[in-house]
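The values are calculated or read from the model by the stated rules, or taken from the named source; none is laboratory data. Keep in mind that this is a model prediction, so the values were computed, not measured. Positions of Cβ are generated from backbone atoms using ideal geometry, with glycine treated the same way; all protein chains shown enter the neighbour counts. All accessible areas refer to the heavy atoms of the entire protein, side chains included, with ligands and DNA or RNA removed. Shrake-Rupley method; radii C 1.70, N 1.55, O 1.52, S 1.80 Å.
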Amino acid sequence: MTLDEFKRRQSELWGSAPWERLAATMHDVHAELVHLLAPSPGERWLDLATGTGAVAIEAARTGADVTAQDLAPGMIATARRLGRAAGVTVRFEIGDVESLPYPDASFDIVSSAFGVTFARDHIAVASELARVCRPGGRVGLADWQTRRHREFETMLSRFIPEASAEARSHDWGDNDHVVRLLGRDFELKFIEGESPWRGASGGAIWQDYVESN
């Protein structure tokens, strides 16, 4: 499969399910990410692989000037709907995190929550993060801790083995990997936390996951 074909398939896949339901279970992570990046009103914020726009909407509530991008048109359509419902202004755009259309140093803050981890070319993503973030700006990324995510993949592979092989891209949860990618351009700080997946029951949580995939 060519890289273009892979991205086309990913775009269709991510746009084909109600991912906003899963995003809602991660609200604590999204809120903490925005809090740690501490935007001031009017600061230029770029949220990459925004999905259904949860971080972008949270950032816009602080008064930041937010642009958000995702590969999947379906995701962007949902994000625009949710942004309107929240009463905030966000520029939601379709695009590829490995090749951003924005000028150098055009954002004060760049973020991604469980998003850029799915890109195939981590070196290209890291280069683009450093390019579009202004000198002295902030980059904030949230990802699953690699070891724990491997355990989750092992569990899922019993049910969806074909998806498991493509899912093994979460090296942004490995601190050493991030240092290799971003350590020359940013002063890095790693924060670990817990984000329990809450639901009415284990069965209800599993059903939410299945229906969103």
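For R21, are the conditions met, namely being among the basic types (K, R), more than 30 Å from E187 (Cβ to Cβ) and surrounded by fewer than 24 Cβ atoms within 10 Å (Cβ to Cβ)? Yes: the conditions hold for R21. Take S127 and decide whether it is over 17 Å from V55 (Cα atoms) and not in a loop (DSSP other than H, G, I, E, B). The answer is yes for S127. Applying the selection to the range 63-95, what residues are of a type in the set (S, T, N, Q), in contact with a strand residue (DSSP E or B) (Cβ under 9 Å, 6 or more places away or on another chain) and either under 23 Å from D143 (Cα atoms) or assigned to a strand (DSSP E or B) (or both)? Answer for the range 63-95, where residues must be of a type in the set (S, T, N, Q), in contact with a strand residue (DSSP E or B) (Cβ under 9 Å, 6 or more places away or on another chain) and either under 23 Å from D143 (Cα atoms) or assigned to a strand (DSSP E or B) (or both): T67, Q69. Among the numbered conditions (1) more than 27 Å from D176 (Cα to Cα); (2) more than 14 Å from the chain's Cα centre (by Cα), the only one that L100 does not meet is (1). Tell me whether the range 87-108 contains one or more residues that are under 19 Å from V29 (Cβ atoms) and not hydrophobic (A, V, I, L, M, F, W, C). Among the residues of the range 87-108, not one is under 19 Å from V29 (Cβ atoms) and not hydrophobic (A, V, I, L, M, F, W, C), which makes the answer no.
Selection over the range 24-57 of residues that are in contact with a strand residue (DSSP E or B) (Cβ under 9 Å, 6 or more places away or on another chain) and either more than 18 Å from P73 (Cα to Cα) or not in a loop (DSSP other than H, G, I, E, B) (or both) gives a count of 23.
When the test is whether a residue is at pLDDT 95 or above and touching a Gly at 6+ places or on another chain (Cβ under 9 Å), F92 passes it. The condition of being open to solvent by 60 Å² or more (accessible area, probe 1.4 Å) and either at pLDDT 65 or above or in contact with a Lys or Arg (Cβ under 7 Å, 6 or more places away or on another chain) (or both) holds for S127.
Restricting attention to the range 83-96, which residues are of a type in the set (A, V, I, L, M, F, W, C) and surrounded by fewer than 19 Cβ atoms within 10 Å (Cβ to Cβ)? Of everything in the range 83-96, those that are of a type in the set (A, V, I, L, M, F, W, C) and surrounded by fewer than 19 Cβ atoms within 10 Å (Cβ to Cβ) turn out to be A85, A86, I94.
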